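Peer 1: This is the structure I want to talk about, given as structure tokens.
Just so it is clear, none of the values below were taken in a lab; they were calculated from the coordinates. Values in this document were obtained by computation on a predicted structure and should not be read as measured data. Cβ coordinates were reconstructed from backbone atoms using ideal geometry, including for glycine residues, and neighbour counts include every protein chain displayed.
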Amino acid sequence: MANNEDLFKNVVSHSKEYGFIFQSSEIYDGLSAVYDYGQNGAELKKNIRDYWWRSMVQMHENIVGIDAAIFMHPTTWKASGHVDAFNDPLIDNKDSKKRYRADVLIEDAVAKIEAKIAKEVEKAAKRFENFDEKMFRSTNPRVMEYQKKIEEINNRFKDAMEKNDLAEVRQIIVDLEVVCPVSGSRNWTEVRQFNLMFSTAMGSVSEDASVIYLRPETAQGIFVNFLNVQKTGRMKIPFGIAQTGKAFRNEIVARQFIFRMREFEQMEMQYFVKPGTEMEWYNKWKETRMKWHNALGFPETKYRFHDHIKLAHYANAACDIEFEFPFGFKELEGIHSRTDFDLKQHEQFSGKKLQYFDPELNQNYVPYVVETSIGLDRMFLAVLSQSYKEEKLEDGSSRVVLTLPPFLSPVKVAVLPLLNKDGLPEKATEIFNRLRFSQLCQMEEKDSIGKRYRRQDAIGTPYCLTIDHQTLEDNTVTIRERDTMKQDRIPVDKVNEIVNERVGIEKVLARL
RNA sequence: GCGGAAGUAGCUCAUUUGGUAGAGCAUCAGCCUUCCAAGCUGAGGGUGGCCGGUUCGAGCCCGGUCUUCCGCUCCA
């Protein structure tokens, strides 16, 4: 077996060769960190999404699903903290390659001057008996000089930020002779504004248009609809709202194939609970989500929890479920106890109450939230890289096979007439036409049977039905199993029943 | 974002010092064969990532740009 790096490369090229993933706008040289799903990828992705949706919504009577718009009122992102947190002016030191927030560098420089003042004050306090600090500060020429400088800097910086004049921000840093603490040099790049949110304009007339953002996460669509769903669905706490959908982040560095994309799909569920019970539910959902992963049948050692030590401003507990990708253990899913932060923020910014009346306690409260959030594209990559196998066969030949869990496979069954004559294609068509009502099937007549088997192996088709001369005599076909390559003969009448049972999602859901 | 490497047919790669691009596999058509990538015949497919420069002439030299990979950095 090739090493992990080669293996990953092979997975990437396999995804293109067999229609799973293409680079976006490839004929125009592509667009960095944006990918399209091809004919097989779209099916696999849809099946993974379906597995998540069914396990969340269909299997939990107190979880319902919604589909909120990508565009949201701009204030949403002020309330959520995305506008402030994602709007920092950044600058790099060219020698140390370190990146700093420009505003922090300036603040540090100001702090240094303030320290100088403090030193003067301290010295003076020692020198004079009846020291009047206030008087000293307002009369000492050196202190006044420093103080004036600080005000100048602050005003310049404020002006620059208001005008969004990044060149001026850089000039302030240059004028202050700020040096990089690591390299000690003053070799700075331009200041750049990194906003992780994509923005666009809404409104047909440009003067009236307002800036709106493409959502950087789907969660806010759930929070703003909390009361709508609770009231119209007559939901009682604890209950959950699930959603899958696209989110957009203008990542500075986006790499590793579809692991970090600028446009990606999240599958999120926000679970609303009574304050004080959140840790209980947090642990419950950790367990439930891990079960969901393990039900796929991949080795359990491929998954691990990673607890966050440094918590985001909104969370009081958080962890990731990490998966061992070919490039190492990386975050696949996040489970966060978000407290009442989001709902309270939206209450404050919207002026609307977002509270639940608890009939048992006979009182209103803002619920706490436990969130599970998984990246669909990452899940896709996890499934694909875990299923990709390069096998050496007994006869010395080799094959590439995707040992996908059958219910996730893009094509469930391939119907193959052994010969392209003698009435076999007609018989195959008949079987194919019955089976296609319940499963996505393919029928192939071209090329040798062995070649057709390998082609189906390469896209992870779990079963091949082969129609041979015996089929015409006793109405049986062979069913070939992808992983073992073993064949059984089964009656044509039983084909639908057997196939549906084996490739169905039901037995996987039953394991949850 | 910084540094390094790469980009030739769908894929993997050739094209010795600059002289108007080839192979295998794949694809398509036909024939033959039929249970794990068989064979034969034929066909299609490339403005050499893109733009510019040097040159009589550039896939090859130079500059820029885009994309990808590796390392660092960043990452709610």
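Peer 1: Per the helix-only calculation at 222 nm, which mean residue ellipticity applies to chain A, given -39500 (n - 2.57) for every DSSP H run of n ≥ 4 and division by its residues, nearest 500 deg cm²/dmol?
Peer 2: Computed ellipticity for chain A at 222 nm equals -12000 deg cm²/dmol.
Peer 1: Quickly work out the residue A:134-to-residue A:73 label distance, labels modelled 7 Å from Cα along the C-beta direction, and quote it in nm with one decimal.
Peer 2: 4.6 nm
Peer 1: For segment A:420-464, which GluC sites (Glu not before Pro) are in a loop by DSSP, counting at most 11 other Cβ atoms within 10 Å?
Peer 2: none
Peer 1: Which aspartates and glutamates does residue A:494 reach when only Cα atoms under 18 Å apart count, and residues fewer than 8 places away in its own chain are ignored?
Peer 2: The qualifying aspartates and glutamates are A:430, A:468, A:473, A:474, A:481.
Peer 1: Okay, moving on. Count the net charge of all other residues whose Cβ sits under 10 Å from the Cβ of residue A:171, scoring Lys and Arg as +1 and Asp and Glu as -1.
Peer 2: Neighbour charge sum, excluding residue A:171 itself: -1.
Peer 1: Ignoring the sites themselves, what is the longest stretch of chain A with no chymotrypsin sites (Phe, Trp or Tyr not before Pro) in a DSSP loop and at most 10 other beta-carbon atoms within 10 Å?
Peer 2: Counting only loop sites that pass the neighbour cut-off, the longest clear stretch is A:129-436.
Peer 1: So, one more: Rounded, prolate or oblate: which one fits segment A:354-445, using the alpha carbon gyration tensor with axes a ≥ b ≥ c (rounded when a/c is under 1.5, else prolate when a/b beats b/c, else oblate)?
Peer 2: oblate
Peer 1: Can you give me the orientation-averaged projected area of the convex hull built on the Cα atoms of chain A, in nm²?
Peer 2: 35.5 nm²
Peer 1: Assuming 0.36 nm per residue, please report the length gained on full extension of the stretch residue A:308 to residue A:17 beyond their Cα-Cα distance.
Peer 2: That pair, residue A:308 and residue A:17, stretches by 100.9 nm at full extension.
Peer 1: Of A:149/A:310; A:123/A:148; A:45/A:236; A:45/A:310, which pairs sit farther than 25 Å apart, going by alpha carbon to alpha carbon?
Peer 2: A:149/A:310; A:45/A:236; A:45/A:310
Peer 1: At R0 = 51 Å, how high is the FRET efficiency between residue A:481 and residue A:227 if r is their beta carbon distance? Nearest 0.05 is fine.
Peer 2: Rounded to the nearest 0.05, the efficiency is 0.50.
Peer 1: Quick one: of A:16/A:389; A:78/A:246; A:392/A:427; A:112/A:134; A:389/A:486, which pairs are farther than 23 Å apart, Cα to Cα?
Peer 2: Pairs exceeding 23 Å: A:392/A:427.
Peer 1: Taking 0.36 nm per intervening residue step and subtracting the Cα-Cα distance, what contour gain separates residue A:28 from residue A:127 on full extension?
Peer 2: Length gained between residue A:28 and residue A:127: 28.3 nm.
Peer 1: Between residue A:294 and residue A:507, what is the label-to-label distance in nm when each label sits 7 Å out along the Cα-to-Cβ direction?
Peer 2: 2.0 nm
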